[in-house]
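**Q** Sharing a structure here in C-alpha cells format.
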C-alpha cells in the first residue's frame, strides 16, 4: 500500500541579488516546523520563471525518488 510523505516539501524562489533568482526545496520536521533546505540551485537564474521551472523539475525528481518501487 502506498504511504503518503509525512514531511511536506515546499518550493520557494528567492532573489538574493537583483535579477538573480534561486530555487530551493524546503522540508519541514515531524511537527511541521523548522524548515531545512533539502536541495537548492547551484547557480542563479536570470528570471523568476526560469528558476520556477528548474525548481519544479527538482521537486518532481525528489517526489519520484521518494516514491516506493512501482509508483511514480
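The numbers here are math on the coordinates, done by the rules we state, and not lab data. Small disclaimer: the values here were computed from a predicted structure and weren't measured. Virtual Cβ from ideal backbone geometry, glycine too; neighbours counted across all protein chains shown.
**Q** Residue 7 to residue 33: extension gain in nm, 0.36 nm per residue of separation minus the Cα-Cα distance?
**A** Additional length available on full extension: 8.4 nm.
**Q** Report the label-to-label distance for residue 66 and residue 53 in nanometres (one decimal), using points 7 Å from each Cα along the Cα→Cβ vector.
**A** With each label point 7 Å from Cα toward Cβ, the separation is 2.5 nm.
**Q** Output the relative contact order of the stretch 9-66, whole-number percent, from Cα pairs under 8 angstrom with separation of 6+ residues.
**A** After rounding, I find 32 percent.
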